[in-house]
Amino acid sequence: MDRATQDIRSLDETHVPRGTRRRVPQNPEDLRPAGVPGPRGRESGYSPGAIDEDEYSSAFHDGYGEDADPADDLLESVEQGGRGHRRAGSRRKDRLTPRQRRRRKIAFRTFSTLLAVLVFLTSYSLYGALSAPGNMSNQARVAEWARGHAMGWAVTWMENQQYQDNKPKTGGTLSPQQLADIAPPSATPTLAPTQKLLTPMKPFVPNPAPGEGTWSPAVVVNGVPVIQTAKLRSDPQHLEYLSAVAWMDQKHASFVLHPGSQQPGTAGYNQTDHLSGDQFKNLIATWNGAFLLNPNDAHGGFYLNGKTYGTLVPGQASEVFYKDGTMNVGSWNSGPGLQMAPNVVGVRQNLQLLVDNGQVNPSVDSDDKKLWGVTVKNAYFVWRSGIGVTADGNLVYAMGPALSVRTLAELLQRAGAVRGMELDINQEWVSYMTYDGSKDPASPVSTKLLDFARTGQRYFSTEERDFVAVYSR
């Protein structure tokens, strides 16, 4: 047998399969540098400190067998600057049976696959929300998507944080531009002899600016001021912010409820999610819808031309639309005209009435989310909107950038509403525009009631939320 064959056989005889191998220490005498004296051996009779080979080997091997104590591994890891930790982890893995290794691999691959699928579906869903037709901002689309996927709590938290960082200022005064907006106009449209403007609203502040609360004709048709508007501050604390009210004459205007492309969707309805073509003829105003129907932040339903989305809930505040083009505001199923009948073509519900029998709802200061919504706490002063009906059957719409639930109710009441309800809130959703199609009926010019976020042509392209269009008769 040659020398190479002997070396290989010697290696095979000393090889121990991984996981069962024990380290055999080298002779301490071999590790001692040359010239350094060592302990006297047994032959010299010296016993203290003498190293017994068998005892040394047994002690060295403790903790490295199949019954290793993890504490010993940790101790060695610390003593060796962490180098033992890797070896301990390797030894623990080495003790796994092949069957256990297979199970671990299967579990890891299953978890990885599920995580990848979840990320893909979430990304795909969010991409669909961002790329869907409509004119919402991307920020609003993400918020809407989150609310529709059980993450409304996160949106609410972020909106509350944003509000805390950007609360409306208290005190102050109106800017020169705001003063110009409410000043009495130098010229007004000619009214028919039998027509006149409304009596000015009583201001909420002790020292009102000239023109504050005074009504101006916004839309005049054949000498009739079909829509009149007024601007004023809505409480004596927030003096830098103007709210606005639009009064609409039901005898000379008709009202149409439109579904949004997403809220509630247009399938099965005979109205579109935007205005175009012949729908511009005689168009004089539009206003926003109310809280989300899905998820049901509105706590109510939507009905249009025979089809119901959700459930019409008795007692909930409702906009009710009739075949003759008129509409009403009240508590659903509370009496004639406010319940389902052959002449009812549309119903849009949202929360509770803010004003009933001319009185502000005593619950307006409640923080009950079921009453006034989940977007922000009702005491917050944010963009809000509402609609009400007066004692003589006309309509008033109210909006403002720094309104609480209470001040919105008081604004509707001050404008003459005997019954009123909250519509949508926050700057992205509140909007009221009047239109003038005298120069080009196919492309009416819009005028915003206040400087809110959305464009004046919001409802001229796909709109995600429901809305109301107003036409002159």
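Looking at Lys251, Lys231, which is the one that is crowded, with 20+ Cβ neighbours inside 10 Å and modelled with pLDDT of 95 or more?
Values: Lys251 fails: crowded, with 20+ Cβ neighbours inside 10 Å.
Going through Lys251, Lys231 in turn, just one is crowded, with 20+ Cβ neighbours inside 10 Å and modelled with pLDDT of 95 or more: Lys231.
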- Would you check if there is a residue in segment 217-238 being touching a residue at least 60 places away in the same chain (Cβ under 8 Å), of a type in the set (Gly, Ala, Ser), closer than 16 Å to Ala415 by Cβ and not in a strand (DSSP E or B)? yes
- Out of Ala409, Ala415, Ala379, which single residue is at pLDDT 95 or above, open to solvent by 10 Å² or more (accessible area, probe 1.4 Å), of a type in the set (Gly, Ala, Ser) and at negative phi? Ala415
- Message: Among the residues in segment 196-204, are any modelled with pLDDT of 95 or more, under 34 Å from the mean Cα position of the chain (by Cα) and over 22 Å from Phe321 (Cβ atoms)?
- Response: yes
- Return a yes/no flag: does segment 378-395 have any residue that is polar (S, T, N, Q) and part of a loop (DSSP other than H, G, I, E, B). yes
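A quick yes/no check of all residues on (1) at pLDDT 65 or above; (2) in contact with a strand residue (DSSP E or B) (Cβ under 9 Å, 6 or more places away or on another chain); (3) farther than 28 Å from Asp466 by Cα:
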| position | (1), (2), (3) |
| --- | --- |
| Arg99 | yes, no, yes |
| Ala107 | yes, no, yes |
| Thr110 | yes, no, yes |
| Thr113 | yes, no, yes |
| Phe120 | yes, no, yes |
| Tyr127 | no, no, no |
| Pro133 | yes, no, no |
| Gly148 | yes, no, no |
- Message: Residue pairs, Cβ under 6 Å, 6 or more apart or interchain, first in segment 318-346 and outside any loop (DSSP other than H, G, I, E, B) and open to solvent by 10 Å² or more (accessible area, probe 1.4 Å), second modelled with pLDDT of 95 or more and of a type in the set (S, T, N, Q). List them.
- Response: Tyr322/Asn343
- Note on the structure: Of those in segment 165-203 that are free of Cβ contacts under 8 Å to residues at least 40 places away in the same chain and touching a Gly at 6+ places or on another chain (Cβ under 7 Å), the residue surrounded by the most Cβ atoms within 10 Å (Cβ to Cβ) is Pro203
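The values are calculated or read from the model by the stated rules, or taken from the named source; none is laboratory data. Here the structure is a predicted model, which is why all the values come from computation and not from measurement. Cβ coordinates were reconstructed from backbone atoms using ideal geometry, including for glycine residues, and neighbour counts include every protein chain displayed. Protein only, heavy atoms only, side chains kept; ligands, DNA and RNA dropped before computing areas. Shrake-Rupley method; radii C 1.70, N 1.55, O 1.52, S 1.80 Å.
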